[in-house]
Amino acid sequence: MNLELVEATYEYRQQLFEMLTEWKNDIIVNHTNKAPWKIWAHDFHDFDNYIKSLATKEETKDGWVPDTTLFCLDRDRNIFVGAVNIRHYLNDKLLKTGGHIGDGVRPGERKKGYGTAIIGLALEECKKLGINKVLICCDKTNIGSAKTIINNGGVLENEVEEDGRIEQRYWIQL
């Protein structure tokens, strides 16, 4: 795998549109997970606004913390295979559920090892941000996500209930 995390720019507009169009169709048809939520916060067809919406620079009154959203580029095939959102620090809500990293793999590329690779690349970004202990959470029923976290050194701390769902909280020491 020749993978790299990149920002959304005009250079990657086509790759972004192709991935998000496929993903959106899968969400509509199969009601799949929208993780990372940040890539769905604004309409990607309004590309200028979309790019601006991807990063939160400072903590907001409604609980958003500074974050970075990156897309996983498969250099060999020149396609985006997934996305990751990295929260620079945790507030009380993110400490309970959410964690530092939210990630997702586009539907047509799932179960090929990209999730584990994306988390690994995101952990490198966390190191650059000075985050030495990373919290990653996933729904208890999402076995694939749990495996990608464990494959990257995640240790289950506990499970918490959130909106009727059981969320698992894993820590990774960098």
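The values are calculated or read from the model by the stated rules, or taken from the named source; none is laboratory data. Everything numeric here is computed off the predicted structure, so don't read it as measured data. For neighbour counting, all protein chains shown are included, and Cβ atoms are generated from backbone atoms with ideal geometry for every residue, glycine included. Areas reflect the complete protein model, heavy atoms only, side chains present, ligands, DNA and RNA absent. Shrake-Rupley method; radii C 1.70, N 1.55, O 1.52, S 1.80 Å.
Data overview
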item: Single residue of 11, 4, 18 found to be of a type in the set (Asp, Glu), in contact with a Cys (Cβ under 9 Å, 6 or more places away or on another chain) and at pLDDT 90 or above; result: 4
item: Scope the range 162-174; condition among the aliphatic types (A, V, I, L, M), in a strand (DSSP E or B) and closer than 20 Å to residue 117 by Cα; matching residues; result: 172
item: Yes/no for residue 170 being closer than 28 Å to residue 29 by Cβ and of a type in the set (Ser, Thr, Tyr); result: no
item: Top-ranked residue in the range 54-79 [being outside any loop (DSSP other than H, G, I, E, B) and in contact with an Asp or Glu (Cβ under 9 Å, 6 or more places away or on another chain); ranked as farthest from residue 129 (Cα to Cα)]; result: 79
item: Criterion violated by residue 27 - all others in (1) of a type in the set (A, V, I, L, M, F, W, C); (2) part of a helix (DSSP H, G or I); (3) open to solvent by 80 Å² or more (accessible area, probe 1.4 Å) satisfied; result: (3)
item: Scan of the range 31-72 for residues that are over 16 Å from the mean Cα position of the chain (by Cα), at pLDDT below 85 and over 22 Å from residue 115 (Cα atoms), ordered by number; result: 57, 58, 59, 60, 61, 62, 63
item: Residues being open to solvent by less than 40 Å² (accessible area, probe 1.4 Å) and assigned to a strand (DSSP E or B) - total across the range 128-161; result: 7
item: Only one of 50, 89 that is among the aromatic types (Phe, Trp, Tyr) and part of a helix (DSSP H, G or I); result: 50
item: Neighbours by Cβ (under 6 Å, 6+ apart or cross-chain): first from the range 41-57, farther than 19 Å from residue 15 by Cβ and free of Cβ contacts under 8 Å to residues at least 24 places away in the same chain; second surrounded by 15 or more Cβ atoms within 10 Å (Cβ to Cβ) and of a type in the set (Phe, Trp, Tyr); result: 56/64
item: Scope the range 3-24; condition over 15 Å from the mean Cα position of the chain (by Cα), assigned to a helix (DSSP H, G or I) and in contact (Cβ under 8 Å) with a residue 40 or more places away in the chain; matching residues; result: 12, 15, 18, 22
